[in-house]
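The values are calculated or read from the model by the stated rules, or taken from the named source; none is laboratory data. On a predicted model such as this, the values are computed, not experimentally measured, just so you know. Positions of Cβ are generated from backbone atoms using ideal geometry, with glycine treated the same way; all protein chains shown enter the neighbour counts. For the accessible areas, the whole protein counts, side chains as well, though only heavy atoms, and no ligand, DNA or RNA atoms are used. Shrake-Rupley method; radii C 1.70, N 1.55, O 1.52, S 1.80 Å.
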Amino acid sequence: MVSFLDFEKPIAALEARISELRETAREGDLSIDSEIDKLQQRANKMLGDTYARLTPWQKTQVARHPDRPHFKHYVAGIFDEFIPLAGDRAFGDDQAILGGFARLDGKRVMVIGHEKGDDTASRLKHNFGMGKPEGYRKAIRLMQLADRFGLPVVTLVDTSGAFPGVQAEERGQAEAIARSTEQCLALGVPMVAAVVGEGGSGGAVALAAANRVLMFEHAVYSVISPEGCASILWRTADKASDAATAMQVTAQHLHALKVIDAIIPEPKGGAHRVPAEAIASLKAALITQLDELSGLDAVALRANRADKFLAMGT
């Protein structure tokens, strides 16, 4: 059953009415199929119209929807022969950032990404996708391993930001994020990053300084969360909607600004409504981008990244 967001309440009411009519039709002798079809068409149109004009704040809510696919779903639906690798060889194994060897369209790759979890227990286990220093150091280790064996790197970004706790700061959070970003830029193999939900702050950039950066249609990518920005500028998180608009966090804004390279379409109503369709779209996009990069050598790949990021804002 789909969980409806606040701005979807009219759609939810109509879907509830359709469910009631279907239940009535099953229990009685009345033929109301035509009425149900009309209401379903109306609901589909309302859904399409609503998602065609989402505000940046509404897109942020969609990007955070608990039913959106997560790292484990993308790995299961896109990659074959996934072999998880654990630990940073220094402190421990961060469950917010996962990765390992896999095959994409028959070719070996290294896949790394944030895992938020999809129920209370798994969200706690994965720390809601907020990586700690050992998570970013694990990502560095896996990227270096991929570079050594000549394997393309694919990253799936979905985090509200790096974990801000005291212990993370004590273990060098800022340094770990900076070195992870540096490692992305230094890779001599193709790297493609996809923002599949939230791309928050340096916690996202640390896995997204890639040759190609993709975003789902209703994903968001920003230097700080709208609530955090509102708290700084207006001293209240109630202005999060205004902050999201001002920061231009949507895929459409960022593509126009050339911060990202391509937008991946989502099913009508968001990736959480038809996860299999969203996963298939991401797979096709990743294969296309890696094929385009496959002919470049290490020098060209590094230069490509440098040119891409140095050109932003000019």
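At-a-glance table
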{"read-out": "Qualifying residue in the stretch 154-177 (condition: polar (S, T, N, Q), in a helix (DSSP H, G or I) and either crowded, with 24+ Cβ neighbours inside 10 Å or out of contact with any Gly (no Cβ under 7 Å at 6 or more places or on another chain) (or both))", "value": "yes"}
{"read-out": "Failed condition for residue 293, given (1) touching a residue at least 24 places away in the same chain (Cβ under 8 Å); (2) hydrophobic (A, V, I, L, M, F, W, C); (3) farther than 16 Å from residue 107 by Cβ", "value": "(3)"}
{"read-out": "Number of the exception - residue 136 against (1) touching a Cys at 6+ places or on another chain (Cβ under 8 Å); (2) farther than 22 Å from residue 289 by Cα; (3) not charged (D, E, K, R)", "value": "(1)"}
{"read-out": "Residue 274 vs. criteria in contact with a Gly (Cβ under 9 Å, 6 or more places away or on another chain) and of a type outside the set (Asp, Glu)", "value": "no"}
{"read-out": "Residues (touching a residue at least 40 places away in the same chain (Cβ under 8 Å) and either surrounded by fewer than 21 Cβ atoms within 10 Å (Cβ to Cβ) or closer than 22 Å to residue 101 by Cβ (or both)) located in the stretch 130-145", "value": "131, 134, 135, 136, 137, 138, 139, 140, 141, 142, 143, 145"}
{"read-out": "Which listed residue is assigned to a loop (DSSP other than H, G, I, E, B), surrounded by fewer than 24 Cβ atoms within 10 Å (Cβ to Cβ) and among the basic types (Lys, Arg), from 148, 89", "value": "89"}
{"read-out": "Selection within the stretch 101-121 - open to solvent by 20 Å² or more (accessible area, probe 1.4 Å), of a type outside the set (Val, Ile, Thr) and out of contact with any Leu (no Cβ under 6 Å at 6 or more places or on another chain)", "value": "101, 103, 105, 106, 107, 116, 118, 119, 121"}
{"read-out": "Criterion (of a type in the set (A, V, I, L, M, F, W, C) and within 30 Å of residue 292 (Cβ to Cβ)) met by exactly one of 257, 233", "value": "257"}
